Amino acid sequence: MSRRSVKENKTVYQQSRERRNLSREAASERLEFVSADRIEKIESGRSAPHPDEVLLMEKGYEDPELSNYYCTHECPIGMKYVQRVELKELPQLTVELLSALNAMEEEKNRLIDISVDGRVSDTERKQFNVILSKLSALDRSIRGMRIWIEHALITGKLEEER
């Protein structure tokens, strides 16, 4: 068994690896194409991970939150378009998702009215921004539910149909 790091400001990648009780060498074997030295550089912050490495860590560490973290904190495109999602419990996710769906149901007809002429007028812009905000909340709820499902499959809370 390897020694556990006592470093205080650990990166999410190191925290994720350590939650699986993996040494860098064991993680390297699990990740196949990422060396222990490369893992150390990523975890120390001396080198940024590549997207394919994050995907390997997500799978190897069984941590579906890593990709969301990478996209929202390190990828310039993701930082613009992807919202941070935190793992929550199923009841809270369900209520948030239903609330977001209900909010969009209320705005559906207004969105149709705004969109019918193919443009958003100055008088429609404020309401359109409200709709965009509600769409954003719906997107965040859907992503949260997806991460919960992936996490539940990994941890056995949800059995994958065969």
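The values are calculated or read from the model by the stated rules, or taken from the named source; none is laboratory data. Just so it is clear, the model here is predicted, and its values are computed rather than measured. All Cβ positions, even for glycine, are placed from backbone atoms using ideal geometry, and neighbour counts span all protein chains on display. SASA here: full protein model, heavy atoms, side chains in, ligands and nucleic acids out. Shrake-Rupley method; radii C 1.70, N 1.55, O 1.52, S 1.80 Å.
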* Asked: Looking at this structure, is residue 86 in a loop (DSSP other than H, G, I, E, B) and among the acidic types (Asp, Glu)?
  -> yes
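Could you say which residue among 107, 43 is surrounded by 14 or more Cβ atoms within 10 Å (Cβ to Cβ), in contact with a helix residue (DSSP H, G or I) (Cβ under 7 Å, 6 or more places away or on another chain) and at pLDDT below 95? I'd like the intermediate steps shown before the answer.
Working: 43 fails: at pLDDT below 95.
Among 107, 43, only 107 is surrounded by 14 or more Cβ atoms within 10 Å (Cβ to Cβ), in contact with a helix residue (DSSP H, G or I) (Cβ under 7 Å, 6 or more places away or on another chain) and at pLDDT below 95.
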* Would you point out the residue of segment 9-26, among those that are farther than 20 Å from residue 68 by Cα and among the aliphatic types (A, V, I, L, M), that is least open to solvent (accessible area, probe 1.4 Å)? => 22
* Tally, over segment 69-88, of residues that are modelled with pLDDT under 95 and buried (at least 20 other Cβ atoms within 10 Å of the Cβ) -> 1
